[in-house]
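Peer 1: Please find one structure pasted underneath; my questions will follow.
The values are calculated or read from the model by the stated rules, or taken from the named source; none is laboratory data. Bear in mind that the values here come from a model prediction, so they are computed numbers and not experimental data. As a convention, Cβ positions derive from the backbone with ideal geometry for all residues, glycine included, and neighbour counts pool all protein chains shown.
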Amino acid sequence: MARESAVPGDAEYVRVEVMGVRQDPYSNAVVVLRDSRGRQLSIWIGTCEAIAIHQRTNAEFDPPRPLAQDLMIALWRRLGGQLKELRIDDLWQDVYYSKLTVEQNGQTVAVDCRPSDGLAVALAAGVPIFVADHVMPNSEDH
């Protein structure tokens, strides 16, 4: 079950772009993020999430009916909330952690989510994606 908490404070974040979804040599899906310095972060994800992210990176993608990401965004809007950003904020025991930041009634709430789900929602909503600097690889050729 997802947990909610106040937005985390002082960590330094870098904005990233989704470069695409690829397959590793074993046919596992990997989403690749890149910051303005050229550092790349690869996160292994599930097939369904890879499809959702890939669809959202296609500018011509226009689903005939709302998908799960659209439903989530519509629910927040109907309840007076607005999605502001996705933050991938930690890596612990080979698992990445992230939060979607939502503003509602003058309050900011961070909702825990898997990075793959958060990426699909953030792309659907057109909000910025940030990664904690300490989570990004130190090398540009990672």
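Peer 1: For residues that are among the acidic types (Asp, Glu) and part of a strand (DSSP E or B), scanning just the range 52-100, find the one that is farthest from the chain's Cα centre (by Cα).
Peer 2: Top of the filtered list is 90.
Peer 1: Among all residue pairs at least 6 apart or on different chains, which show Cβ distances below 6 Å where the first residue, located in the range 101-118, is under 29 Å from residue 54 (Cα atoms) and among the small types (Gly, Ala, Ser) and the second is at pLDDT 95 or above and part of a strand (DSSP E or B)?
Peer 2: That search, which allows pairs on different chains as well, returns 110/99; 110/101; 116/45; 118/86; 118/98; 118/100.
Peer 1: Given the criteria touching a helix residue (DSSP H, G or I) at 6+ places or on another chain (Cβ under 9 Å), touching a residue at least 60 places away in the same chain (Cβ under 8 Å) and not polar (S, T, N, Q), does residue 45 qualify?
Peer 2: yes
Peer 1: Also, I was wondering about something else. Say we look at the range 102-139 and pick out the residues that are within 11 Å of the chain's Cα centre (by Cα) and β-branched (Val, Ile, Thr); which of these is nearest to residue 83 (Cα to Cα)?
Peer 2: Ranking the qualifying residues of the range 102-139, first place goes to 127.
Peer 1: I'm trying to understand the selection: among the residues of the range 48-76, which are within 27 Å of residue 23 (Cα to Cα) and among the hydrophobic types (A, V, I, L, M, F, W, C)?
Peer 2: 48, 50, 51, 52, 53, 59, 61, 67, 68
Peer 1: Another question, then. Condition first: at pLDDT below 95 and small (Gly, Ala, Ser). Now tell me which residues in the range 127-142 satisfy that.
Peer 2: 139
Peer 1: Farther than 25 Å from residue 38 by Cβ and at pLDDT 95 or above, is that true of residue 87?
Peer 2: Criteria not met by residue 87.
Peer 1: I need the full set of residues from the range 36-62 which are surrounded by fewer than 19 Cβ atoms within 10 Å (Cβ to Cβ) and within 25 Å of residue 134 (Cα to Cα), in order please.
Peer 2: Residues satisfying the conditions are 36, 37, 38, 40, 42, 44, 46.
Peer 1: Mind listing whichever residues of the range 63-86 are touching a Phe, Trp or Tyr at 6+ places or on another chain (Cβ under 9 Å) and either within 12 Å of residue 103 (Cβ to Cβ) or surrounded by fewer than 15 Cβ atoms within 10 Å (Cβ to Cβ) (or both)?
Peer 2: Within the range 63-86, 82, 83, 85 meet the criteria.
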